[in-house]
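Reviewing the structure listed below.
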Amino acid sequence: MSKRLMRSMSQKLRRKNNKGVAEEEDVSRGISLRCLTLYGRGGGCKVGADTGEEIGDPGCRRRSSASEEGKGYKSLFSTEESGVDCFSYGVKERFRKKHSPKHSGLQNSTRNSDVHIFLPDDILEMCLMRLPLSSLMNARLVCKKWRYLTSTRRFLQMRQECLYQTPWIFLFGSVKEGYCSGEIHALDVSLKKWHRIDADILKGRFVFSLASIQDDIYIVGGCSSLANFGKVDKSSFRTHKGVLVFSPLTNSWRKIASMKHARSVPILGTSEVNSEFSVVPSHHNRQDRRYLRSRVGGSLDVYEDPHRLSLRRQVRNPLEDNDASMLSNRKSYKFSRQKSEQSRAKGHRRFVIIAIGGLGSWDEPVESGEIYDSSSNKWTEIQRLPVDFGIICSGVVCNGIFYVYSETDRLAGYDIERGFWIGIQTSPFPPRVHEYYPKIVSSNGRLFMLSVSWCEGDGQIGQRNKAVRKLWELDLAYLAWTEVSVHPDAPMDWNAAFVADRNLVFGIEMFKIFGQVLDFLTVCDISNPVSDWNHISRTRVSHEMDASSCLTKSMAVLHL
């Protein structure tokens with residue numbers, strides 16, 4: 001054999017050996033060169049086709065499937081051994097994870113979370129701001145971020161200024177099995193659905209008064225039993241002078257400064273004031289309580305200067321002087337109202353609460369009055385009413401004047417800006433049954449009174465066969481009363497509660513009949529020329545309450 005032939009044979013054997021060693025090394029590394037040449041036109045094996053589909057080449061999968069069917073390759077996830085396996089280290093496990101149902105669910109959840117993470121807070125606030133109050137409370141349970149966004153001062157102010165609010169009625173003072181439960185019953189007027197709110201802080205407290213300001217409810221005064229805590233027992237009781245604040249939007253409670261005098265069922269009035277408002281303190285002078293600045297049909301007859309001892313009568317024409325005085329009052333009120341609207345637009349809303357009358361620590365009538373300023377968080381005593389004015393039974397703020405009505409059918413007004421009382425003599429007051437005290441309410445600068453009177457019989461003079469509750473309006477220019485509407489229900493509750501909010505007057509009557517406590521909620525739209533009363537809810541919320549709830553109940557209305 002020649003040397004040339006030997007050299008060529010040895011080179012062929014060397015190449016063959018080198019090729020086998022390289023294939024063994026590739027197989028040990030997890031790469032099979034043989035399988036890469038099976039689907040040269042298709043660009044790889046079956047696995048390559050599957051991975052190619054993920055990067056956007058669906059044609060690879062079709063070619064690999066056809067080749068598989070034609071050449072008899074087995075499935076990748078078969079239990080038998082397969083010689084075709086071109087997965088590199090860890091790729092097989094990742095492929096199985098990626099196509100498992102658990103991994104697809106995690107991918108969907110991460111995609112949804114990414115949507116919420118990258119959604120701006122402003123858009124979230126705008127969406128949540130349009131929710132009704134009941135839906136907003138449920139939305140706060142979704143996550144901490146939503147709870148924080150819906151509890152900030154900015155969000156509450158935006159919701160207060162938007163037009164998506166609906167009226168809510170809050171009923172306090174429920175008594176069950178002789179105990180003050182502290183429960184608050186809230187009615188969504190738009191959905192006519194009742195909600196119950198547990199308020200442990202009010203357990204054992206009764207005969208307090210309510211005032212609704214902006215989005216909060218103020219609980220002023222009240223009593224609690226000393227001998228039997230929680231029971232409605234006035235044999236041994238304590239009168240409170242503390243004030244609590246309940247915020248339905250955040251379901252939170254807080255305290256503000258206490259009154260100077262403890263009192264139960266005080267008459268309250270609230271009003272927004274401008275930033276330059278200053279409280280006029282009272283002058284503790286007994287002599288200034290004998291006379292009251294009086295106004296009869298727009299004239300100021302007799303007044304007293306508290307800094308002098310002489311009582312002066314007007315020598316000039318009282319009508320001209322008082323027309324100018326009334327004009328200046330109206331201008332000052334309009335000016336202060338414009339300032340308050342400007343301050344409200346800036347987000348600074350200052351208000352005052354006036355508390356007058358009520359019962360003291362010994363169940364005696366309280367003659368003093370005091371005013372609370374939200375900017376200073378302080379109560380200040382105001383000028384007292386004359387001794388002969390009588391016990392105050394109702395009061396409300398209208399156009400910057402705090403009007404109060406007494407059991408002796410006298411009307412007076414406290415000028416909040418100037419700090420003095422004005423006696424108002426109107427045309428003959430509407431007739432009323434003296435067992436039912438009248439209630440005065442205010443809506444959009446209009447003053448109304450609800451009173452119970454006898455209705456004459458059919459053609460028989462003097463026969464009183466029916467008692468009705470009527471709504472009257474006072475003309476503030478001519479001081480004359482005009483009948484507006486007649487309540488459809490018979491006046492069964494002498495302690496009925498009425499509250500006006502915007503153009504609506506809400507009323508609740510609660511009484512016990514045939515061994516069961518019933519409640520009737522009604523509403524009257526005074527903006528409508530035909531002011532008719534309508535029933536709100538047929539659902540009785542008082543069926544579990546005691547009859548004493550008719551005396552301890554109190555109501556507040558908010559737009560939330």
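Condition check ((1) assigned by the TED database to the domain that holds residue 509; (2) of a type in the set (S, T, N, Q); (3) at negative phi) across all residues:
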residue	(1), (2), (3)
139	no, no, yes
173	yes, no, no
180	yes, no, yes
199	yes, no, yes
Of the numbered conditions (1) modelled with pLDDT under 95; (2) assigned to a loop (DSSP other than H, G, I, E, B); (3) open to solvent by less than 60 Å² (accessible area, probe 1.4 Å), residue 187 fails exactly one; give the number of that condition. (2)
Determine if the stretch 283-290 includes at least one residue that is modelled with pLDDT of 80 or more and open to solvent by 30 Å² or more (accessible area, probe 1.4 Å). no
Being over 27 Å from residue 134 (Cα atoms) and open to solvent by less than 30 Å² (accessible area, probe 1.4 Å): is that true of residue 182 here? no
In the stretch 472-503, which residues are under 19 Å from residue 429 (Cβ atoms), exposed (fewer than 15 other Cβ atoms within 10 Å of the Cβ) and touching a Phe, Trp or Tyr at 6+ places or on another chain (Cβ under 7 Å)? 482, 483, 494
With 544, 509, 483 as the choices, which residue is at pLDDT below 90, over 30 Å from residue 130 (Cβ atoms) and either assigned by the TED database to the domain that holds residue 187 or over 31 Å from the mean Cα position of the chain (by Cα) (or both)? 544
Go through the residues of the stretch 443-460 one by one and say whether even a single one is touching a Gly at 6+ places or on another chain (Cβ under 7 Å) and modelled with pLDDT of 90 or more. no
It is to be established whether one or more residues within the stretch 410-428 are closer than 24 Å to residue 525 by Cβ, in contact (Cβ under 8 Å) with a residue 40 or more places away in the chain and in a loop (DSSP other than H, G, I, E, B). no
Scan the stretch 225-255 residue by residue and report those that are under 30 Å from residue 131 (Cα atoms), touching a residue at least 24 places away in the same chain (Cβ under 8 Å) and either open to solvent by 50 Å² or more (accessible area, probe 1.4 Å) or not in a loop (DSSP other than H, G, I, E, B) (or both). 244, 245, 246, 247, 251, 253
Across the stretch 401-438, what is the number of residues that are at pLDDT below 90 and among the acidic types (Asp, Glu)? 1
Listed residues 441, 433, 397, 387; which is in contact with a Lys or Arg (Cβ under 8 Å, 6 or more places away or on another chain) and either touching a residue at least 24 places away in the same chain (Cβ under 8 Å) or open to solvent by less than 30 Å² (accessible area, probe 1.4 Å) (or both)? 387
Candidates 402, 420 - the one that is in the same structural domain as residue 372 (by the TED database), under 24 Å from residue 556 (Cα atoms) and of a type outside the set (Lys, Arg): 402
If we keep only residues of the stretch 190-204 that are open to solvent by less than 30 Å² (accessible area, probe 1.4 Å) and assigned to a loop (DSSP other than H, G, I, E, B), then the residue nearest to residue 266 (Cα to Cα) is 204
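The values are calculated or read from the model by the stated rules, or taken from the named source; none is laboratory data. Fair warning: this is a prediction, and the values are worked out from it, not measured in the lab. Quick reminder, even Gly has a Cβ in these numbers, built from the backbone with ideal geometry, and neighbours come from all protein chains shown. Surface areas here come from the heavy atoms of the whole protein model, side chains and all, with no ligands, DNA or RNA. Shrake-Rupley method; radii C 1.70, N 1.55, O 1.52, S 1.80 Å.
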